[in-house]
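The structure appears below as structure tokens.
FYI, it's all coordinate maths here, none of it is from the lab. These numbers were taken from a predicted model, which means no experiment stands behind them. Heads up, the Cβs are rebuilt from the backbone with ideal geometry, glycines too, and the neighbour counts pull from every protein chain shown.
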Amino acid sequence: MMNRIVKSGIVILVLASFLLVGPVAAAINTITQGATVFIGEDGLDVTAAMGGDTRIGWWASGAPVATSSPDYTVAVPDPANFYVSPTEFVSHTGPWYRLSTLGNVSGTAFTVVDPRLVLKIEDTTVDVDVTDKWVPTGDSIRFRIETNLISIAQRPGVTSTPVTIKVESPSGAVYTSLINSAGMSTSTADIPVTSSPYFTAPIWDTGRIDTYPIGNYTIWAECNVNFMNDRYGEVGKTTTRDISLQNQDLNPLYRTRTPTATPTTATPSPTTQPTTVSQTTPVTTTPTTSVPPTTITQVPTPSPTQTQTPGFEGILAGAAIIAGLVLSIRKE
């Protein structure tokens, strides 16, 4: 008996959860009259917007809707499963009107808008936009989302527009959640965007290098409400461009300055060449300095003259002695 009660309770809880969750999940594709739909959305239920009509018309800007024929028409055979095809609607954005079987305007159906989605990255530690830049390892990161998709939150039972942010690591792994400085993990899937711009909290602590290694990260955001990114997938519309973010502990600008400093050190090289020239000058002067020693060694050359002088004086002395002897002999 108790098991039956427990099983019945479980069934009731399952049914209750289905009733609570089911309408909310389905409401994101439910379009009321005059609501906004986006190019690429598929599986929309536009029954309320069509009011029983099976055709819609579009007029170029400024054209009188009530008194002229539409510039473009689209059939809506199954209003419970409508596709905002890029082929038909990219060139025809703006209000679309219901057309009766006679081709007359019977009211507004909905407004078609080309989606827009932009992602920026901010370093909250130093309050700087680091989109396509670098972040010092250890700083905290938050994301800024700019979009016109917030009008999806105006649909019945919907309170926000889900946008997913994807972070690809240097090794190619894609994170589905990020950890902040407090150790709290935050999912980056279906972030509930309620305004534009929309800021997340600082959900990424780049200092956890065991989880987020140093290197270059690729980051982008996308919105796939009602398969719009699968069907459309245009950069800047249902998905953002890839953003590069370097997580490193050294400013890369310092590294780029190092090569520019090399020419500066290389510039003095030409000035060292005159030094080499000045070194060749002493080489040419070396023979010049060697000339004086040659002259000095040649200075003793006059010594033969000096040698002749003492010989001549010896002869004169001998002659004087002989003369003296001769005189002494005569006196005797």
Full-extension gain in nm, SER195 to ASP132, via 0.36 nm per residue minus C-alpha separation: 20.3 nm
Partners for LYS237 among aspartates and glutamates (Cα-Cα distance below 17 Å; same-chain residues under 8 apart left out): GLU41, ASP42, GLU88, ASP114, GLU146, ASP190, GLU222
Beta bridges by DSSP in region 23-113, antiparallel share as percent, to the nearest 5: 80
Packing rank of 170-177, 132-139, where each peptide gets the mean count of other beta carbons within 10 Å, highest leading: 132-139, 170-177
Stretchable slack from ARG241 to ALA173, in nm (0.36 nm times residue separation minus alpha-carbon distance): 22.7 nm
Tensor-based shape of region 23-113 (alpha-carbon gyration tensor, a/c under 1.5 rounded, otherwise prolate or oblate): prolate
Net charge contributed by nearby residues that have their C-beta within less than 11 Å of LYS166 (K/R +1, D/E -1): -3
Sum of side-chain charges, SER91 neighbourhood, beta-carbon under 15 Å (Lys, Arg +1; Asp, Glu -1): -3
Listed peptides 232-244, 50-62 by packing density, highest first (mean Cβ within 10 Å): 232-244, 50-62
Cβ-based net charge around GLU146, under 11 Å, with every Lys or Arg adding one and every Asp or Glu removing one: +3
Amide H contacts under 5 Å for PHE110, placed H, 5+ residues apart: GLY34, TRP96
Spin-label model distance (nm) - ALA80 vs SER68, 7 Å beyond Cα toward Cβ: 3.8
Length released on extending from ASP42 to ILE209, taking residue separation times 0.36 nm less the Cα-Cα span: 56.0 nm
